[in-house]
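Participant: Got a structure for you, written out below as structure tokens; questions coming shortly.
A short reminder: the numbers here are calculations on the coordinates, not readings from a lab. Quick caveat: nothing in here was measured; it's all calculated off a predicted structure. Ideal geometry is used to build each Cβ from the backbone, glycine not excepted, and the neighbour counts take in all protein chains shown.
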Amino acid sequence: AFSFNALLQAGIDAEKFERVIEAFEELPAAISVQPDMISHNTVIHALCKMGSLDEALSKFRELGNEPDIVTFNTLLNALYKSGRFSEGETLWAEMDVESESRVDPNVRSYNIRLRAMVAENKSDDAIRAAAEMLGKGLKADAYTYNALICGLCVNGNLDEALKYYEDLQRKKCRPHLFSTYSALIQAFVEAGDIDRAFKLCMDAVKRRLSLDEALCDRVVDGLNDKGKTKEASTLKIMMRPEGYN
RNA sequence: GCUUCUUGGGCAAUU
């Protein structure tokens, strides 16, 4: 069944979703393999990716008590991503409920949900959910921080974003630094806090991270507007790709 | 142990 599952996954990688469904329906009888949970999850993933979310959901219902954490995560992600936030929340509640078929949300589940919450401009809910996650003993990872920081920046919740950023500095997990820094710097530029933006640029340089040129130019312009020409030229030199001389 | 689920811009990656 491993090679059967690998075949299904290969179909997803190649974006031949109809072929995945076909193979899932026809091959087991033809080559006498028993689809396992991974097979079911893979085909549900394929249905989600081809936009047949409702079909994916009915496959999920057919599984009864079988669905595992991957099944839930796949469907939650698809629901949230396609703008069906409240249905996602309903499914979350179903997963998170006390019953014999209970499935404990893991860090990935929370990461998926946190992204959805900030995308819905529900920063407070996201902050609460993150705290709840930590309260359960789950550890925030790079995805968690990235989702929170980028989402809070976009929502203009800069104080909270900075808190998570500082929190992140103390951890050793490696976030996706490019988007984390880009989101923070852009948000502070737009909020007119050019000093903070400059400081973040310098932090990024220290981490040997090359930032987006256009964004750096905006910081340079902002510094010049404030008469901070020394900082402006520092940043210009630091950011030059052929720099370090 | 190996196959399924969440973020990601560029560069590079010895045939």
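Participant: Find the helices (runs of 4 or more DSSP H) located wholly in region A:132-199 whose residues include 2 or more that are within 10 Å of RNA strand B (Cβ to nearest atom) and of a type in the set (Val, Ile, Thr), and list them. Spell out the reasoning first.
Facilitator: Details: elements: A:142-154, A:158-170, A:177-190.
Answer list for region A:132-199: A:142-154.
Participant: Can you find even one residue in region A:99-119 that is more than 20 Å from the chain's Cα centre (by Cα), surrounded by fewer than 16 Cβ atoms within 10 Å (Cβ to Cβ), more than 10 Å from RNA strand B (Cβ to nearest atom) and without any contact (Cβ under 8 Å) to a residue 12 or more places away in the chain?
Facilitator: Yes, the conditions are met somewhere in region A:99-119.
Participant: Let me ask something else about it. If you take the residues of region A:200-218 that are part of a loop (DSSP other than H, G, I, E, B) and in contact (Cβ under 8 Å) with a residue 24 or more places away in the chain, which of them is nearest to RNA strand B (Cβ to nearest atom)? Can you show your working first?
Facilitator: At the first step, the residues of region A:200-218 found to be part of a loop (DSSP other than H, G, I, E, B) are A:207-212.
Checking which are in contact (Cβ under 8 Å) with a residue 24 or more places away in the chain leaves us with A:207, A:209-212.
Values: A:Arg207: 11, A:Leu209: 7, A:Ser210: 4, A:Leu211: 7, A:Asp212: 7 Å.
Checking each candidate, the answer is A:Ser210.
Participant: Please name all residue pairs, on different chains or six or more residues apart, with Cβ atoms under 7 Å, provided the first residue is in region A:38-59 and is in contact (Cβ under 8 Å) with a residue 12 or more places away in the chain and the second residue is of a type in the set (Ser, Thr, Tyr) and within 12 Å of RNA strand B (Cβ to nearest atom).
Facilitator: Partner pairs satisfying both residue conditions: A:Asn41/A:Thr71; A:Asn41/A:Thr74; A:Ile44/A:Thr71; A:Ile44/A:Thr74; A:His45/A:Thr74; A:Cys48/A:Thr74.
Participant: Among the residues of region A:187-217, write down those that are more than 26 Å from A:Arg174 (Cβ to Cβ) and surrounded by 17 or more Cβ atoms within 10 Å (Cβ to Cβ).
Facilitator: Scanning region A:187-217 gives a single hit, A:Ile194.
Participant: Let me ask something else about it. Pull up region A:33-43, narrow it to residues that are more than 8 Å from RNA strand B (Cβ to nearest atom) and buried (at least 17 other Cβ atoms within 10 Å of the Cβ), then point me to the one that is nearest to the chain's Cα centre (by Cα). Steps first, please.
Facilitator: The initial filter retains those residues of region A:33-43 that are more than 8 Å from RNA strand B (Cβ to nearest atom), namely A:33-35, A:43.
Okay, now just the ones that are also buried (at least 17 other Cβ atoms within 10 Å of the Cβ), so A:35, A:43.
Details: A:Pro35: 30, A:Val43: 22 Å.
Applying the filter and picking the extreme gives A:Val43.
Participant: Is it the case that A:Leu76 is surrounded by 11 or more Cβ atoms within 10 Å (Cβ to Cβ), more than 19 Å from the chain's Cα centre (by Cα) and of a type outside the set (Ser, Thr, Tyr)? It would help to see each step written out before you state the result.
Facilitator: Numbers: surrounded by 11 or more Cβ atoms within 10 Å (Cβ to Cβ): yes; more than 19 Å from the chain's Cα centre (by Cα): no; of a type outside the set (Ser, Thr, Tyr): yes.
No; evaluated as a whole, the condition is false for this residue.
Participant: In this structure, is A:Ala46 farther than 21 Å from A:Asn106 by Cβ and touching a helix residue (DSSP H, G or I) at 6+ places or on another chain (Cβ under 8 Å)?
Facilitator: On the way: farther than 21 Å from A:Asn106 by Cβ: yes; touching a helix residue (DSSP H, G or I) at 6+ places or on another chain (Cβ under 8 Å): yes.
Spelling it out, A:Ala46 is indeed farther than 21 Å from A:Asn106 by Cβ and touching a helix residue (DSSP H, G or I) at 6+ places or on another chain (Cβ under 8 Å).
Participant: Considering only region A:44-79, how many residues are over 21 Å from A:Met117 (Cα atoms), near RNA strand B (Cβ under 10 Å from one of its atoms) and aliphatic (A, V, I, L, M)?
Facilitator: Qualifying residue count, region A:44-79: 2.
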